[in-house]
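Asker: This structure is in structure tokens; I'll ask about it shortly.
The values are calculated or read from the model by the stated rules, or taken from the named source; none is laboratory data. A quick note: this is a predicted structure, and the numbers were derived from the prediction, not measured. Glycine gets a Cβ as well: all are built from the backbone with ideal geometry, and neighbour counts include every protein chain shown. The area values use the complete protein model at the heavy-atom level, side chains included, leaving out ligands, DNA and RNA. Shrake-Rupley method; radii C 1.70, N 1.55, O 1.52, S 1.80 Å.
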Amino acid sequence: MTRDRRRRLWIILSCLVLTLVSLRLFIASSYFDPSPNPAKKVVVVFRNDDIQEFSGSAMDHRFLKLFAENGIPQTYALVPFKKELGVELVSLLKEQQTRGLAEIAPHGYAHQNLAAKGKSEFAGQPFEDQAGKIRSGKAHLERIFQREVVTFIPPFNSYDSNTLRACSQEGIKVLSSSHFFRFPIPIPSRWPI
């Protein structure tokens, strides 16, 4: 590892530690009091995408240990059918689950770009295909981790109204994405998402 790369990693790790310590201090302070207005509940979610790429390196372990030591849970986004999940990773995540520090969520199906334009595994695909992939990925992770899966994270943060309908049909209650629709779509009030 070059000196420049080590320096960059050290800076990133230092920033992460400062963020975690600041968050912990903020939560412990008198400024963080959710009781004055319970109608406006703020929820912060730490999402760790593509975790199946976990290498077991010292850096990977340090990163996960930072969250665990501070009692901060993460949502781990696993691609169900891209790569076999390693025994070490599954064991580590199950241990984190037992401590209430891990939520497992499917990050698509195989993280493939199926879009003719742009990037998406789901947007633009037929409803039946999307529902089948969400159902299959959810069931696969539920078998491995023995816990109900309620969150879905679309690859490339790309989804459409069929994705929302499929998630609702398959029992997904949370869709995590940084993108919103670029065009208006009707969302029936019966969707719990």
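Asker: Rounded to a whole number, what % of the accessible area of region 63-149 do carbon and sulfur atoms account for, probe 1.4 Å?
Answerer: Answer for region 63-149 is 51 percent, counting heavy atoms of protein chains only.
Asker: Modelled label-to-label distance, Leu9 and Asp129, 7 Å Cα→beta-carbon offset: nm?
Answerer: Between Leu9 and Asp129, the label points sit 4.0 nm apart.
Asker: Ignoring ligands, DNA and RNA, how do Val17, Val90, Val42 rank by accessible area with a 1.4 Å probe, largest first?
Answerer: Ranked from most to least accessible, the order is Val42, Val17, Val90.
Asker: A follow-up question, please. So if each residue of separation counts as 0.36 nm, and I subtract the Cα-Cα distance between Gln146 and Ala115, what length gain in nm does that give?
Answerer: Using 0.36 nm per residue and subtracting the Cα-Cα distance, I get 7.9 nm.
Asker: Moving on. To one decimal place, what Kirkwood hydrodynamic radius in Å is obtained for region 69-156 from all pairs of distinct Cα atoms?
Answerer: Its Kirkwood hydrodynamic radius stands at 13.8 Å.
Asker: Under a Cβ-only charge scheme (Lys and Arg +1, Asp and Glu -1), can you give me the dipole magnitude of region 35-169 about the Cα centre, in debye to the nearest 20?
Answerer: Using only the charged Cβ atoms, the result is roughly 300 debye.
Asker: While we're looking at this one, here's another question. Counting only the heavy atoms of the protein chains, how much of Glu148 is accessible to a 1.4 Å probe, in Å² to the nearest 10?
Answerer: Glu148 has an accessible surface of roughly 130 Å² with all protein chains in place.
Asker: Compute, for Asp4, the solvent-accessible surface of its heavy atoms (probe 1.4 Å) with the complete set of protein chains present, and express it in square angstrom to the nearest 10.
Answerer: My reading of the accessible area for Asp4 is about 90 Å².
Asker: Just to verify a number: what accessible area does Lys82 come out at with the full protein assembly present, 1.4 Å probe, Å² rounded to tens?
Answerer: Estimated to the nearest 10 Å², Lys82 gives 100 Å².
Asker: Work out the FRET efficiency for Val87 and Val42 from their Cβ-Cβ distance, taking R0 = 25 Å, and round it to the nearest 0.05.
Answerer: Result of the calculation: an efficiency of 0.10.
Asker: Excluding same-chain residues fewer than 8 positions from Lys138, which lysines have a Cα within less than 24 Å of its Cα?
Answerer: Once the sequence-local lysines are set aside, what remains near Lys138 is Lys82, Lys83, Lys94, Lys119, Lys173.
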